[in-house]
Structure formats: C-alpha cells, structure tokens
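Enquirer: So that we are looking at the same thing, I have put the structure below in structure tokens.
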Amino acid sequence: MSSAVRFIRRTRRAARPPPPSVNPESPTRNPKPTLLFFCLKRTSFVEDDLALLRERYDVRVFEFGAAREAGTVAGRGVGLCRETVRQFRWLRRELPQADLVYGWFADYHLALPVLMARWAGVPVAVVIGGMDANHLPELGYGVFESRWRAPLVRRVVRGADLLLPVTQALLHTENRYATWPEPRAQGLRAHISHLQTPARVVPTGYDGAAWPIGPTERDPVVSTVAYIADARTLKIKGLDVLIEAARQLPDVTVRVVGVAEAVRGEIARAYCPPANVELLPPRPRHALTDVYAATSVYAQLSRSEGLPNVLCEAMLCGCVPVGSAVGGISEAMGSVGIEVEQPDPGHAAKQIRRALDAARPERREAARRRIVEQFSKERRRERLFAVLEEFTEPRMAC
C-alpha cells in the first residue's frame, strides 16, 4: 500500500468526530455532509448544480484549470501536470473529511479523484453531459477521439460508483442524423464495453421564473445559440445546415448568437451566408431572454448533443422548437417540437417553415409548459437529492 493511501485512510479515521451526544431538551443538528465537487469549467449548468447542492451539502470545489492553458502542446502538457499536482495536494487535504465525490463530465480531471476516492472508501458520482458519451471521428468530437483521454475516461466511468446521465441517450442511442443515412451507436455503452457501473438518469433543471414566456406575437425570426470558436464546432452544432436552409427561407431572419469575432471571416468565406443570416457575438446568459423574446422558432440542428440547456431555456421563453433527432433533443421537445431527421438543408427549411406556421400562442405556452413540467429546477432537486441520499446513506452509516 502506498504512503498516499495510508495517509488518506489514517487521516480520514482521525478526521471523523465521535457521534455527538443528544440532549432531548436541546437537540443538536447534524452538520451537512461534505461533498467534493470537480469540474473543468464553471459553466452555467455547473453553477446551477453548485447552487442546488449547497442546499444540502458542504460543497468544496476544485476547478481543474489546465484546459485553459494556452500555447504549444508541450505548454499544455506542463499545465496539465501542474494542475494534477495541485489536485493531488488538494485531495490529500480535503478527502479525509469527504462523504461524497461529485464531478461534472467523465474526463481527465476526474481520473485522480476517482482513484484516490476508491482508496479512501469515499463514493463517487459522475454527471454525464454529452461530449463524454458521444464520438464523431469525422469531426474530431468527443473524449474518445483522444488517444490519451479515452483510457482515462474509461477508468473514470468504470471506477465511479454511480453515473448520472442527463438523458437516457447518453447511455445508449442510435444517431442517424450525424452519419446520414447510416445509424451509429452512441452513448457510454457503445464506447465502453461491458459497462457495469450503476446509472440513474437525472435531467438538468431550469428555473421558469428566470425565463419569462415573452410576447405571443413575434416576427418570423429563427435563432440558435452556441459558442462558435472554430469551423469544427460550427458543424457539430449543425450551423452549416442552418445557413444553407436559410437560403430557402428568404423572408425569415436567422440569428446565430455566439460567433467569436476570430471566425466570422472564415465562416463568411466558407459558407457565404445569405443576407437574412445574422452572425452575432456571444452574449451573457442573462441577456439571452431578450434574444428568445424576439425569436419565434428556436433551431437546434446539432450532430451531437446531451440535453441542450439553450433549447430548454428558449422553450421556457415561448420559442417553438425545431431540432435534430440527436441525443436528448427529441426528449426535451416532446410533441411540442418539430424534428429534423436528416442534415439536408431542404428538409430543415421545410421543418422550420412548419414550425413558423405553427407558432401560435397555444404552441408557445405548450413549449414552456413542457419544460416546467418535465425539466424544472425543482424536479432536478427532488430527483438528485433522492438518488444521492439513497446512494450515500448506507456508506455514511458505516
């Protein structure tokens, strides 16, 4: 047994206080369980989960920063090593007091926490979000595209005690849209053979009060929101299809929100967007309500997805959804949305036109109601806490 393992186990035993004596006349409240939270970046959905978990846990956060290291491959390697050492020291300090390890996305930033948590006997739950369960080699997309990340991801997924995919499609599905017309198996079970780790589907949740429904009467505007910093991401998000579909909808304004300044020229040269396509810069999340309020139809034509946050938020704002038959898009839209079955601009234009024609007040209300009833913040809170309590109680009682 290594010295690190002995240190963690010895310190963990010493760190656990004896059970407090309870005075019937003055009952004491047990402290919150300690949860170690790991992420690569504090995105909006990560921040939402942090706020939720802090209601029930003493949350301690480690944000793995190597992904933001700029420069050469060697420079990124140095950054990765530096962050791993920092993470090891942090785990030596925090893990002995921990009741649960919780991470967003199965990737290299969880390799060491999963390993050390197993040594220390601390349970691990991993949220599966999308890029950690899907692989599009044609576009170089997904963690399984990397020769060094793929083995680490498999170790993380197999070493975890519980997987929390945000949609069933991240466990197993067939994606025909990305490789039309041939289907391709996607999801963890397609990329990790003989996977035995228990999994419970817990969709992300959204605060309806933060996303008002907006006006019922709207101009014929189709919007999509995605941070586009390179040509690869543009194709992953299906914007090549949307731009070409816009040529067949000259009376419709198509807005792409989130295009980095550095790639606008490249997009203009490669796709020559028609006059009705607006390439707009990224906007902060709180400013998107204005975008959605001025949008009649929201288009999510991605070639790979988990459960898209922007789609759900747009639906809360009364946008009628049009989406590709990929990942959790159809699950989010339900019967309210209109599905695009193939990455053909003519087909996409036809489905967008159908959505515009159907964008009446009752359809907008139905789009909002779909998210409120099926993907609310309260629903995620209830499911997530129930799963985690069921998952940790037997261990904490030991």
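The values are calculated or read from the model by the stated rules, or taken from the named source; none is laboratory data. Since the model is a prediction, treat every value here as computed from it, not as a measurement. Positions of Cβ are generated from backbone atoms using ideal geometry, with glycine treated the same way; all protein chains shown enter the neighbour counts.
Enquirer: Name every residue in region 222-263 that is over 15 Å from LEU139 (Cα atoms) and acidic (Asp, Glu), in order of residue number.
Expert: GLU244, ASP251, GLU261
Enquirer: What tally of residues in region 140-149 results from selecting those that are assigned to a loop (DSSP other than H, G, I, E, B) and surrounded by fewer than 22 Cβ atoms within 10 Å (Cβ to Cβ)?
Expert: Within region 140-149, residues that are assigned to a loop (DSSP other than H, G, I, E, B) and surrounded by fewer than 22 Cβ atoms within 10 Å (Cβ to Cβ) number 4.
Enquirer: Taking PRO345, is it touching a residue at least 40 places away in the same chain (Cβ under 8 Å), under 22 Å from LEU242 (Cα atoms), surrounded by fewer than 24 Cβ atoms within 10 Å (Cβ to Cβ) and outside the structural domain of ARG184 (by TED's automatic domain parsing)?
Expert: The answer is yes for PRO345.
Enquirer: Among the residues of region 360-388, count how many are out of contact with any Lys or Arg (no Cβ under 7 Å at 6 or more places or on another chain) and under 17 Å from LEU163 (Cβ atoms).
Expert: 5
Enquirer: For region 181-203, how many residues are buried (at least 16 other Cβ atoms within 10 Å of the Cβ) and closer than 19 Å to GLY238 by Cα?
Expert: 2
Enquirer: Is it the case that region 159-171 has a residue that's closer than 21 Å to GLU389 by Cα, of a type in the set (Gly, Ala, Ser), in contact (Cβ under 8 Å) with a residue 12 or more places away in the chain and surrounded by fewer than 22 Cβ atoms within 10 Å (Cβ to Cβ)?
Expert: Yes, the conditions are met somewhere in region 159-171.
Enquirer: Kindly indicate whether any position in region 87-98 is within 28 Å of SER302 (Cα to Cα) and assigned to a loop (DSSP other than H, G, I, E, B).
Expert: No, region 87-98 contains no residue that is within 28 Å of SER302 (Cα to Cα) and assigned to a loop (DSSP other than H, G, I, E, B).
Let's see how each residue does on (1) buried (at least 20 other Cβ atoms within 10 Å of the Cβ); (2) touching an Asp or Glu at 6+ places or on another chain (Cβ under 9 Å); (3) in the same structural domain as TRP180 (by TED's automatic domain parsing); (4) assigned to a loop (DSSP other than H, G, I, E, B):
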position: VAL310; (1), (2), (3), (4): yes, no, no, no
position: MET315; (1), (2), (3), (4): yes, no, no, no
position: VAL322; (1), (2), (3), (4): yes, yes, no, no
position: SER330; (1), (2), (3), (4): no, yes, no, no
position: GLY334; (1), (2), (3), (4): no, no, no, no
position: GLN351; (1), (2), (3), (4): yes, yes, no, no
position: ASP357; (1), (2), (3), (4): no, no, no, no
position: ARG364; (1), (2), (3), (4): yes, no, no, no
position: ARG368; (1), (2), (3), (4): yes, no, no, no
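Enquirer: Please determine, by comparing only the residues of region 1-60 that are of a type in the set (S, T, N, Q) and part of a strand (DSSP E or B), which one is modelled with the highest pLDDT.
Expert: Looking at residues that are of a type in the set (S, T, N, Q) and part of a strand (DSSP E or B), I get THR34.
Enquirer: Still on this structure: What tally of residues in region 204-219 results from selecting those that are among the polar types (S, T, N, Q) and surrounded by fewer than 19 Cβ atoms within 10 Å (Cβ to Cβ)?
Expert: 1
Enquirer: Any residue that is over 13 Å from PHE37 (Cβ atoms) and at pLDDT 95 or above - is there at least one of those in region 63-77?
Expert: Looking through region 63-77, none of the residues is over 13 Å from PHE37 (Cβ atoms) and at pLDDT 95 or above.
Conditions tested, residue by residue: (1) outside any helix (DSSP H, G or I); (2) surrounded by fewer than 23 Cβ atoms within 10 Å (Cβ to Cβ); (3) in contact with a helix residue (DSSP H, G or I) (Cβ under 8 Å, 6 or more places away or on another chain).
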| site | (1), (2), (3) |
| --- | --- |
| GLY103 | yes, no, yes |
| ALA106 | yes, no, yes |
| ARG118 | no, yes, yes |
| ASP132 | yes, no, yes |
| GLU138 | no, yes, no |
| PRO151 | no, yes, no |
| TYR177 | yes, no, no |
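Enquirer: Another question, if that's okay. Can you find a residue in region 81-88 that is under 24 Å from THR167 (Cβ atoms), buried (at least 21 other Cβ atoms within 10 Å of the Cβ) and not β-branched (Val, Ile, Thr)?
Expert: For region 81-88, residues under 24 Å from THR167 (Cβ atoms), buried (at least 21 other Cβ atoms within 10 Å of the Cβ) and not β-branched (Val, Ile, Thr): absent.
Enquirer: Can we say PRO203 is at pLDDT 95 or above and over 20 Å from the mean Cα position of the chain (by Cα)?
Expert: For PRO203, the condition - at pLDDT 95 or above and over 20 Å from the mean Cα position of the chain (by Cα) - is not met.
Enquirer: Just to be sure, is ARG303 of a type in the set (Lys, Arg), modelled with pLDDT of 95 or more and within 29 Å of PHE105 (Cα to Cα)?
Expert: Taking the combined requirement at face value, the residue satisfies it.
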